Amino acid sequence: MLITIDASDARAIYVQIMDEIKRAVVLGTVKPDDPLPSVRHLASELRVNPNTVQQAYRELERDGLVYVRRGQGTFVAPDGAGGTARERRQLAGMVATKALREAYRNGLTVEELMEAIRDAETRWSEDPNTGGAR
Amino acid sequence: MSLMIPTELSVIEPAVETAGLAKRYGRRVALDGMDMTVPQGAVYVLVGPNGAGKTTTLRILLDLVRADAGRAGVLGLDTVSAGAEVRAHCGYLPERQDAGYGWMKVQQLLDHHARFRSNWDAAYATQLVERLEVRDHTKFGKLSKGEARRVQLVMALAHRPPLLLLDEPTDGLDPVMRDEALAILSDHVADTGATLVISTHLVYEVEGLGDHLGVLKEGVLRAQLDRETLRQRLRRYTLEVAEGWEGVPEVNESIIRRTGSGREVAWTVWGEEGEVVERLKAGGATVRHVDPLTLEEAAVALLAMRENQNRIAREPAPAATQAEVR
Amino acid sequence: MESAMERAGAYHAVGFGKATAEQFRLLWMSRRPLFMMLGIVGLLALFGEPWTERPAARLFSMWPIWMLLAGPLWAFAVWHNEGPGNRLYFWSHPVSRTTHSLGRLAAGAAWLVVLYGALVLGGAAFAALDGDLAQFGAVGFTAWVALITGPLIGFLIISVLTVSSDHPIRWFLGILLGVPLTLSLVDEWLGLGPALEFLLKPLTSRDWGLAMTIVAPFLHAMARVHELFIDQGGSSTVGDGFDTQDWWLAMPLWILFWLGVVVLMARRHPDVLPRWRRSG
């Protein structure tokens, strides 16, 4: 599992960590009952305050995505993982919001954005190396 | 809607608390009524331009400098009457790279330093020396600035103090070592639950660590608040407006910073988002989006705040504004 | 994660004994005692009395004079490169400021005593080689004590300056040159001779004055040394004016007096910052 955060991202860091873990669960890079990195380890790796990681784990636990085994750490919940429809929708929603925000910033409408996405996809499928990306 | 950026934190048993600290050097005023509160376990980022009084504040906390007026308490101890006790509980990274004996080899200096600290963890010190790639057989005075600062970081940390006072901790460090230092600080918090006070003007470096912000300018804290409050109340509103639009009076006095010009502008405003958006809309602006600020952006905005802008908050607030803050 | 407060009890300030011991070690690491020792031995080799036949006497007869100079000089060396304005690191240790300053001074004084002991032992060794040990031992207890208390008082006097000023040498030279000059001018022009004499009595009194307390025992000891080693029992003209009983009273009082002044100066909180104003 790879967790990256972006200090300049508008989302709070604990939210970014939550989103990253949700993403990993949806993608299946972590399976049910897999351990999450320890708070100390993840905080150190991301150079963030351990309390922030703690907060992210706490919120995830409240959402039922992970569970805590006393003295052993935090684990992915059995029913929280596996790319269920609900999680996939959530993830898609996250990506969409990001894209929409960027579109609005550039004065684009939703229709223009959707059209551009379809165009990009066509080009991508023709040549994945240069398509889509600028 | 008047500007009410908090300059006070109410905490039970703060790790650091100062009241009315004042200090002048000759005619230059370094501190002018500094009231600072650092909660237990906080990573408090003290930001301010050079000469704002950051170094003086940290030195007063260790009783290296005596304030002309006011008092300071550290972990419940008075800094003047219990200076030695306070220093025993603190790890201090001084601003000056020459704090230490230049004629000693690094290892000798660490040994000497250790003998004064009851909780010195030699194994941990060795580990830090390795992580920070400190050459321990070189004379301290022969080290480059970055190397000397790394040695000082070991000296500040190896007794695992409950309070760390770091004066420009990344100053002089190369990018790799800066990154390592931040990881070490994160570990320190995780292992000890220590309180950190980090003085810096490079806030982006401690973006991930900081959870409290103190904005010090001209010897006074212009703002002091926790990060969540900052996220909630200080936001950037990107607006589409008519050419020459003058804004809304109620919002205008809470604008911390204006960027952009003409039809597209971004205002950094202090206040409750819903309320601000409503007023902006009512005044004829189209609100494109609203973003919270990073710690760095918030620090820059608050530092750029006009000098007398937040004075309003320091005077007895009229009833109307009081209600607003709740 | 244990709370910071719970562990707080494990952090102690360091007391006088431990601080002094560490300062003693620090001075050793700085090699300053070694340099002082080499300096004295060097001076002995240079200015040892060449007319003496006996090497023991040659070595032994001069070193008390150099010790007398070494006392005040050593006080400067103890704070070498570390004036109050530059003691940021020194004071960042968990030792109370006064305690720590006095710890460094005590460590310095201890080295002075060690140095003295080494010179005595060295002298004794040479004397033994020459078969003069009995005479060496006949110097007398008071003289032995006096030979170290003089340098210690000098050390304390200079320490008043080193503890409180960034520029002790300037102060020292200023006082050394300025005070006698001013006094003589005052005496010359205003004719306040008797008043001055009264004021300066603590310095000049032949019975208990500071100058006599420091110097007289040296002259006395030197005289004894000459008697024992050089004149071989002949009479000596130096060392007059040394009254053992007066001295035993004056010496501790002078030490207490200067110790008091030093403590007073060490208690002051000299604000470290003026020199670093640029920092914020």
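The values are calculated or read from the model by the stated rules, or taken from the named source; none is laboratory data. Note that the coordinates shown come from a computational prediction; the quantities given were computed from them, not determined experimentally. Don't worry about glycine lacking a Cβ; one is built from the backbone with ideal geometry, like all the others, and counts go over all protein chains shown.
Points worth noting:
- Counted residues, the range B:117-165 - those being outside any helix (DSSP H, G or I) and not basic (Lys, Arg): 19
- Residue count for the range C:205-247 satisfying the condition of being surrounded by 13 or more Cβ atoms within 10 Å (Cβ to Cβ), in a helix (DSSP H, G or I) and either modelled with pLDDT of 80 or more or within 23 Å of the chain's Cα centre (by Cα) (or both): 19.
- Any chance residue A:103 is in contact with a Lys or Arg (Cβ under 9 Å, 6 or more places away or on another chain), modelled with pLDDT under 90, within 28 Å of residue B:230 (Cα to Cα) and within 12 Å of chain B (Cβ to nearest Cβ): no
- Where residue B:10 falls short, out of the listed (1) within 25 Å of residue B:233 (Cα to Cα); (2) surrounded by fewer than 21 Cβ atoms within 10 Å (Cβ to Cβ); (3) within 13 Å of chain C (Cβ to nearest Cβ): (3)
- Helices (runs of 4 or more DSSP H) contained in the range A:1-79 and holding at least 2 residues under 23 Å from residue A:97 (Cβ atoms): A:13-27, A:50-62
So that you can scan it fast, the table gives a plain yes or no per residue for (1) in a helix (DSSP H, G or I); (2) under 30 Å from residue B:114 (Cβ atoms); (3) among the aromatic types (Phe, Trp, Tyr):
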| residue | (1), (2), (3) |
| --- | --- |
| C:100 | yes, yes, no |
| C:105 | yes, yes, no |
| C:109 | yes, yes, no |
| C:115 | yes, yes, no |
| C:118 | yes, yes, no |
| C:125 | yes, no, no |
| C:144 | yes, no, yes |
| C:170 | yes, no, no |
| C:176 | yes, no, no |
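- Residues that are crowded, with 19+ Cβ neighbours inside 10 Å and of a type in the set (Lys, Arg) were ranked within the range B:137-160; the one that is farthest from residue B:172 (Cα to Cα) is B:160.
- Cβ-Cβ under 7 Å pairs, at least 6 apart or on other chains, the range A:48-67 side within 9 Å of chain B (Cβ to nearest Cβ), far side in a loop (DSSP other than H, G, I, E, B) and not β-branched (Val, Ile, Thr): A:48/B:208; A:48/B:209; A:49/B:208; A:49/B:209; A:49/B:211; A:51/B:211
- Screening residue B:190 with (1) touching a residue at least 12 places away in the same chain (Cβ under 8 Å); (2) surrounded by 22 or more Cβ atoms within 10 Å (Cβ to Cβ); (3) within 14 Å of chain C (Cβ to nearest Cβ) gives one miss only, at (1).
- Search result, residues across the range B:91-100 that are in contact with a helix residue (DSSP H, G or I) (Cβ under 7 Å, 6 or more places away or on another chain) and more than 7 Å from chain C (Cβ to nearest Cβ): B:91, B:93, B:97
- Residue match in the range B:112-123 (condition: more than 12 Å from chain C (Cβ to nearest Cβ), of a type in the set (Lys, Arg) and either touching a strand residue (DSSP E or B) at 6+ places or on another chain (Cβ under 9 Å) or surrounded by 17 or more Cβ atoms within 10 Å (Cβ to Cβ) (or both)): no
- The single residue among C:157, C:169 that is surrounded by 15 or more Cβ atoms within 10 Å (Cβ to Cβ) and of a type in the set (Val, Ile, Thr) turns out to be C:157.
- Residues satisfying the stated conditions in the range B:57-90, i.e. in a helix (DSSP H, G or I) and within 7 Å of chain C (Cβ to nearest Cβ): B:83, B:84, B:85, B:87, B:88, B:89
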